[in-house]
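Notes follow the structure.
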2 protein chains.
Amino acid sequence: MAKVLTSKEENYSQWYNDLVVKADLAENSAVRGCMVIKPYGYAIWEKMQQVLDKMFKETGHQNAYFPLFIPKSFFSKEASHVDGFAKECAVVTHYRLKNSEDGKSVIVDPDAKLEEELIIRPTSETIIWNTYKGWIQSYRDLPLLINQWANVVRWEMRTRLFLRTAEFLWQEGHTAHATAQEAQEETKRMLEVYEEFAQNTMAVPVIKGVKTENERFAGAIETYCIEALMQDGKALQAGTSHFLGQNFAKAFDVQFANKEGKLDYVWATSWGVSTRLIGALIMAHSDNDGLVLPPKLAPIQVVIVPIYKSEEELNRISTVANKLKKELEKKNISVKYDNRDTQRPGFKFAEYELKGVPVRIAIGARDLEYNTVEVARRDTKEKETLSLVDLDAKIEHLLENIQNNIYQKAVDFRDSNITKVDSYQEFKNTLDNKPGFVLAHWDGTSETELKIKEETKATIRCIPLDNKLEDGICIYSGKPSKQRVLFARAY
Amino acid sequence: MAKVLTSKEENYSQWYNDLVVKADLAENSAVRGCMVIKPYGYAIWEKMQQVLDKMFKETGHQNAYFPLFIPKSFFSKEASHVDGFAKECAVVTHYRLKNSEDGKSVIVDPDAKLEEELIIRPTSETIIWNTYKGWIQSYRDLPLLINQWANVVRWEMRTRLFLRTAEFLWQEGHTAHATAQEAQEETKRMLEVYEEFAQNTMAVPVIKGVKTENERFAGAIETYCIEALMQDGKALQAGTSHFLGQNFAKAFDVQFANKEGKLDYVWATSWGVSTRLIGALIMAHSDNDGLVLPPKLAPIQVVIVPIYKSEEELNRISTVANKLKKELEKKNISVKYDNRDTQRPGFKFAEYELKGVPVRIAIGARDLEYNTVEVARRDTKEKETLSLVDLDAKIEHLLENIQNNIYQKAVDFRDSNITKVDSYQEFKNTLDNKPGFVLAHWDGTSETELKIKEETKATIRCIPLDNKLEDGICIYSGKPSKQRVLFARAY
């Protein structure tokens with residue numbers, strides 16, 4: 001099979017797009033900026049959802065569902081929220097179509113204009129806090145720990161499959177608490193859930209940190225994030241967790257009687273991750289032959305390919321393959337036995353490499369003689385011949401091994417692409433010649449941050465949570481600084 | 001606790017609404033016609049989704065996701081579809097808001113008008129078949145068996161929680177086949193999946209049938225349905241499965257090369273169930289004290305309530321309760337131990353009756369002496385004292401028993417409310433005095449069907465699939481008829 005992907009080195013952005021389309025993950029739809037998530041891509045999202053949903057429930061959260069539509073006036077209620085979210089959004093103004101006079105098409109019925117326009121949710125703080133007003137009267141109603149799985153719409157001008165689409169799928173947690181401290185603890189707890197998910201399930205190392213004022217969620221007191229590094233050296237924000245203070249409680253008048261019977265405004269958090277994570281997953285691990293998927297998120301973990309010259313050989317191989325498939329499935333390993341007679345083994349090999357199936361098992365006539373199979377791992381491309389004895393246990397072990405190896409490789413890449421710089425010249429050189437995270441001193445002002453962004457396209461990804469204090473001088477202004485912050489060019 | 005519900009006998013409709021709200025299933029939102037599904041209601045939906053999703057996958061389907069938005073022009077492409085769906089729908093005309101001149105609110109930016117309006121999907125045939133055009137070239141690409149879990153919007157004028165809301169959640173299957181026969185088989189296979197789900201999981205008996213031309217899905221050649229009977233004698237359509245012929249393939253020009261290399265249009269089906277099923281579940285089983293949930297869909301299957309006079313008693317009871325909880329959980333039974341000290345046992349009993357928890361276990365100080373507990377079942381309100389020995393197995397058995405009993409009760413009710421009538425007078429009397437399904441002869445014309453509907457509000461729910469042919473005379477026109485059809489007033 002000829003190479004189907006543009007190489008990363010040639011054009012990283014084209015490589016990414018080729019890969020998403022050719023591996024059958026997603027494609028652009030007829031609606032500008034909206035994607036179709038194809039079954040193979042959606043299966044990855046379902047696996048992500050399962051793991052995350054379990055983690056949310058284990059930390060005490062319940063799912064619920066709130067309306068897709070938000071009355072326009074709700075956006076004006078929280079002053080900074082409106083600036084961040086009410087701008088690029090889909091607006092419903094009418095509720096009926098009718099046949100055109102020539103009968104050949106349908107037109108919007110001008111008589112069916114809504115009194116108040118409805119906005120398709122870009123995020124649900126406003127409609128949810130308007131609802132919480134009815135749910136919260138007393139400290140006994142708190143904490144309220146709710147998550148929603150939903151679609152949201154932000155009218156992005158430049159879209160890219162998974163990374164930035166007008167409509168995307170996500171989860172948004174919205175919690176209510178009696179004290180600031182509890183809400184802050186929740187904010188950090190969910191950040192840790194995201195970190196654990198990224199590292200253990202996606203095999204993507206992340207740096208936890210807090211955003212600068214500029215990069216904060218519109219309406220938040222503090223925004224925490226996890227930042228990942230892609231193979232082209234650009235950063236990707238993989239999840240955010242916001243401490244919202246009492247901003248939304250005040251905007252929607254949500255008060256509760258505390259234990260002393262006194263009224264106070266409720267404290268809030270919100271946190272979310274989206275189908276963007278699939279973009280991060282692809283860009284963190286994949287190569288010029290296709291996807292490299294961590295076994296924990298691979299829709300197919302093992303593929304078995306028969307190599308045969310006759311129907312009779314195929315039958316004998318199938319007996320062995322089907323038995324092996326059952327043994328593996330008993331260990332909760334997902335297996336596909338590809339006995340299609342319309343494609344040759346080489347074609348199949350390339351196809352499963354493209355699709356990132358972690359382990360490929362080939363069985364030929366000679367293998368039957370020796371009771372062996374050929375096992376190839378996708379991450380390192382290594383092959384070995386293994387005996388059928390205890391093969392299920394060996395494959396189980398191999399999958400763990402692959403998961404860990406993919407993670408370790410990503411950690412090594414990330415670690416070798418964090419550069420400390422001490423001057424603005426060094427900063428700019430590093431961005432251009434050794435892209436990655438750059439740790440540099442910053443004077444703490446938005447002015448400096450914006451100037452650096454304007455001049456270099458690099459942004460402060462976060463102030464890492466485990467940062468060591470260190471006296472220094474801002475690379476841009478020369479003013480004193482107490483710590484280095486994490487810069488990068490970002491998706 | 002005082003009765004919190006209007007009784008069914010007093011006002012069935014009010015009873016239903018009270019129950020949905022008081023049992024914390026759902027509530028109306030600030031957006032006209034849209035509901036908030038609260039955690040307890042959403043937990044039921046999640047259980048429904050899990051069972052259905054497994055059944056879909058076992059029958060070879062994969063999930064995918066298509067855009068929320070459909071270009072307006074797509075609706076005009078399938079002639080009958082547009083009449084059925086393009087009328088009452090939410091129309092997006094703009095993609096940006098801006099601050100008003102006084103800075104106090106936001107307004108729709110007139111400069112951000114879309115060239116072509118977008119419709120929020122009321123169902124996804126059009127956008128999906130537009131996509132399938134790119135996916136299907138040859139018979140090798142068929143069958144294509146895809147399902148989507150999504151929100152849809154139909155601008156209903158009169159809404160009722162779960163039963164009819166402007167936005168609702170559902171699944172929609174959309175399959176593509178090489179032959180009419182295969183597509184017809186798929187249509188019936190999915191109808192059977194729905195029947196099995198309704199009966200085995202929801203404990204709601206249903207009648208499978210085919211819709212008359214009048215009641216067909218807009219764009220279908222044939223619409224199959226499952227019809228359930230509610231306790232007030234009204235019918236509820238619980239699921240539909242459509243054979244779409246080549247209508248959508250022709251509208252969106254989806255052709256495939258068959259084995260002989262000849263081009264032909266693809267054959268289609270679509271099928272769906274929605275959060276409406278939660279309404280059916282409630283109305284089929286519940287009583288004046290609250291919900292009655294079949295164990296297979298109950299978010300909490302067993303609640304344990306301690307009855308104590310002192311902290312010391314509570315501690316001893318808690319030891320037993322927590323041990324029992326663990327044993328039950330090992331059997332995959334979901335258990336809540338309610339040791340709140342803010343509410344008395346009687347209050348808790350009423351609360352869990354309202355919420356339909358199938359089994360309640362009360363443990364008091366005397367029980368500790370005798371190693372017993374009091375077990376109450378929600379469906380029959382029977383109580384018995386049981387030994388702790390093998391209690392987990394007994395409870396497991398009891399839950400099965402409750403599931404079966406609820407189903408049998410619904411079957412008995414349904415069967416005793418199917419009436420055969422042979423004259424129009426008898427028909428009208430039955431509808432008014434013994435509401436339920438009415439089997440009557442019909443001459444097969446839309447004209448008669450519509451007149452009967454106009455005069456009695458009864459519609460033909462379906463022509464049952466297992467119908468016996470029987471010569472007779474149409475109750476309305478006196479013309480000859482070959483079989484009875486199923487009439488009812490319906491939700």
(request) State the number of residues belonging to the stretch B:146-163 that are within 11 Å of another protein chain (Cβ to nearest Cβ), within 21 Å of B:Y16 (Cα to Cα) and out of contact with any Lys or Arg (no Cβ under 7 Å at 6 or more places or on another chain). (result) 1
(request) Taking A:Q50 as the residue in question, decide whether it is modelled with pLDDT of 95 or more, surrounded by 17 or more Cβ atoms within 10 Å (Cβ to Cβ), under 27 Å from A:E192 (Cβ atoms) and among the polar types (S, T, N, Q). (result) no
(message) Residue under question is A:L5, and the condition is that it be among the aliphatic types (A, V, I, L, M) and not assigned by TED's automatic domain parsing to the domain that holds A:L169; does it hold?
(response) yes
(request) Report whether or not A:C474 is buried (at least 18 other Cβ atoms within 10 Å of the Cβ) and over 27 Å from A:R276 (Cα atoms). (result) yes
(request) Could you tell me which numbered condition B:D83 fails, if it satisfies all but one of (1) under 21 Å from the mean Cα position of the chain (by Cα); (2) in a helix (DSSP H, G or I); (3) of a type in the set (D, E)? (result) (1)
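For the stretch A:110-199, which fully contained strands (runs of 3 or more DSSP E) count at least 3 residues that are under 15 Å from A:S274 (Cβ atoms) and among the hydrophobic types (A, V, I, L, M, F, W, C)?
Of the strands (runs of 3 or more DSSP E) lying wholly inside the stretch A:110-199, those with at least 3 residues that are under 15 Å from A:S274 (Cβ atoms) and among the hydrophobic types (A, V, I, L, M, F, W, C) span A:144-153, A:167-177.
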(request) For the stretch A:53-93, enumerate the residues that are within 30 Å of A:Q199 (Cα to Cα) and of a type in the set (D, E). (result) A:D53, A:E58
(message) Can you go through B:L236, B:L244, B:L293, B:L314 and tell me which one is in a helix (DSSP H, G or I) and touching a residue at least 24 places away in the same chain (Cβ under 8 Å)?
(response) B:L314
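Okay, residues lined up against (1) in a helix (DSSP H, G or I); (2) under 25 Å from B:Y42 (Cβ atoms):
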position	(1), (2)
A:S13	yes, no
A:D18	yes, no
A:G41	yes, no
A:G60	no, yes
A:Y95	no, no
(request) Output the residues belonging to the stretch B:434-452 that are over 18 Å from B:N417 (Cα atoms) and crowded, with 17+ Cβ neighbours inside 10 Å. (result) B:W442, B:D443, B:G444, B:T448, B:E449, B:I452
(request) Among what's in the stretch B:106-117 and is facing chain A (nearest Cβ under 7 Å) and touching a Leu at 6+ places or on another chain (Cβ under 8 Å), pick the residue that is surrounded by the most Cβ atoms within 10 Å (Cβ to Cβ). (result) B:V106
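For (1) away from chain B (no Cβ under 13 Å); (2) surrounded by 23 or more Cβ atoms within 10 Å (Cβ to Cβ), each residue gets a yes or a no:
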| site | (1), (2) |
| --- | --- |
| A:T131 | no, yes |
| A:L144 | no, no |
| A:T165 | no, yes |
| A:E182 | yes, no |
| A:Y194 | yes, yes |
| A:V204 | yes, yes |
| A:F217 | yes, yes |
(message) Of the residues A:K457, A:K453, A:K409, A:K394, only one is at positive phi and charged (D, E, K, R); which?
(response) A:K457
(request) Spot the failing condition for B:G103; the list is (1) within 11 Å of another protein chain (Cβ to nearest Cβ); (2) crowded, with 23+ Cβ neighbours inside 10 Å, and only one is missed. (result) (2)
(message) Here is a check on your reading of the model: is A:I120 without any contact (Cβ under 8 Å) to a residue 60 or more places away in the chain, buried (at least 20 other Cβ atoms within 10 Å of the Cβ) and within 13 Å of A:I70 (Cβ to Cβ)?
(response) yes
(message) From the list B:T319, B:T380, B:T385, B:T342, exactly one residue is part of a loop (DSSP other than H, G, I, E, B), modelled with pLDDT of 95 or more and of a type in the set (S, T, N, Q). Which is it?
(response) B:T380
(request) Out of B:F243, B:F252, report the one residue that is closer than 20 Å to B:E185 by Cα and modelled with pLDDT of 95 or more. (result) B:F243
(message) Tell me the residue from B:N429, B:N467, B:N401 that is within 30 Å of B:F197 (Cα to Cα) and assigned to a helix (DSSP H, G or I), please.
(response) B:N401
(message) So, B:N429, is that one more than 30 Å from B:I363 (Cβ to Cβ) and without any contact (Cβ under 8 Å) to a residue 12 or more places away in the chain or not?
(response) yes
(request) Run A:E78 past the list (1) closer than 24 Å to B:A150 by Cβ; (2) more than 7 Å from chain B (Cβ to nearest Cβ); (3) of a type in the set (D, E, K, R) and report the number of the one that doesn't hold. (result) (1)
(request) For the stretch A:275-311, name all the residues that are closer than 11 Å to A:I406 by Cβ and touching an Asp or Glu at 6+ places or on another chain (Cβ under 7 Å). (result) A:V292
(message) Can you pull out every residue in the stretch B:1-18 that is free of Cβ contacts under 8 Å to residues at least 60 places away in the same chain and either within 14 Å of chain A (Cβ to nearest Cβ) or surrounded by 15 or more Cβ atoms within 10 Å (Cβ to Cβ) (or both)?
(response) B:T6, B:D18
(request) From the list B:Q50, B:Q62, pick out the single residue that is of a type in the set (S, T, N, Q), in the same structural domain as B:A176 (by TED's automatic domain parsing) and without any contact (Cβ under 8 Å) to a residue 12 or more places away in the chain. (result) B:Q50
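Results for (1) out of contact with any Phe, Trp or Tyr (no Cβ under 6 Å at 6 or more places or on another chain); (2) surrounded by 22 or more Cβ atoms within 10 Å (Cβ to Cβ); (3) within 11 Å of chain A (Cβ to nearest Cβ), shown as yes or no for each residue.
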site	(1), (2), (3)
B:V20	yes, yes, no
B:D24	no, no, yes
B:N28	yes, no, yes
B:Y40	yes, no, yes
B:A43	yes, no, yes
B:E58	yes, no, no
B:F69	yes, yes, yes
B:V92	yes, yes, yes
(request) Output the residues belonging to the stretch A:328-338 that are part of a loop (DSSP other than H, G, I, E, B) and either surrounded by 15 or more Cβ atoms within 10 Å (Cβ to Cβ) or modelled with pLDDT under 95 (or both). (result) A:I333, A:S334, A:D338
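Could you check the stretch B:25-72 and list, in sequence order, the residues that are of a type in the set (S, T, Y) and touching a Ser or Thr at 6+ places or on another chain (Cβ under 7 Å)?
Answer for the stretch B:25-72, where residues must be of a type in the set (S, T, Y) and touching a Ser or Thr at 6+ places or on another chain (Cβ under 7 Å): just B:S29.
The values are calculated or read from the model by the stated rules, or taken from the named source; none is laboratory data. Bear in mind that the values here come from a model prediction, so they are computed numbers and not experimental data. Using ideal geometry, Cβ is built from the backbone for each residue, glycine included, and neighbour counts are taken over all protein chains shown.
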